[in-house]
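Contents: one structure, followed by commentary.
The values are calculated or read from the model by the stated rules, or taken from the named source; none is laboratory data. Model, not experiment: these values are computed from the prediction. Using ideal geometry, Cβ is built from the backbone for each residue, glycine included, and neighbour counts are taken over all protein chains shown.
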């Protein structure tokens, strides 16, 4: 078995363990309201025992780029002229830029993201008014 492959029996046992013991927890944390709803429906955990703690960037670590910085960044990653004009202003009919980060580990399944992109692509073939997408996947991993 490869080092980064997942043993399906171990995964199944982990799910059974979580489903059984999860109902005995005093309080649960999720990162979204949708995840809270999912826990309640799939695990039978009462909503009042689940709190949402939103996953947010650390204050002061990130900042919004200025138009000039965006233009320079797009040039460095060979996307100059796609999102900004030569003067650095944003193009009116620019595509949508999606950026996601992953550690490329077995517990992070990008399958849902890829399926969503496929559905968008199929729909955009039928509707020419839909914006084009540029997707950047970043992260470190095995």
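Overview of results
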quantity	calculated
Test for residue 44: is it surrounded by fewer than 12 Cβ atoms within 10 Å (Cβ to Cβ) and in the same structural domain as residue 17 (by TED's automatic domain parsing)	yes
Hits in the range 93-118 (condition: over 23 Å from residue 83 (Cα atoms), at pLDDT 80 or above and surrounded by fewer than 10 Cβ atoms within 10 Å (Cβ to Cβ))	111, 112
Answer residue from the range 52-71, given it is in contact with a strand residue (DSSP E or B) (Cβ under 7 Å, 6 or more places away or on another chain) and surrounded by 11 or more Cβ atoms within 10 Å (Cβ to Cβ) and is nearest to residue 26 (Cα to Cα) among those	52
Positions within the range 14-36 being over 25 Å from residue 106 (Cβ atoms) and surrounded by 10 or more Cβ atoms within 10 Å (Cβ to Cβ), in sequence order	23, 33
Residue within the range 72-80 that is assigned by TED's automatic domain parsing to the domain that holds residue 132, surrounded by 13 or more Cβ atoms within 10 Å (Cβ to Cβ) and touching a helix residue (DSSP H, G or I) at 6+ places or on another chain (Cβ under 8 Å) present	yes
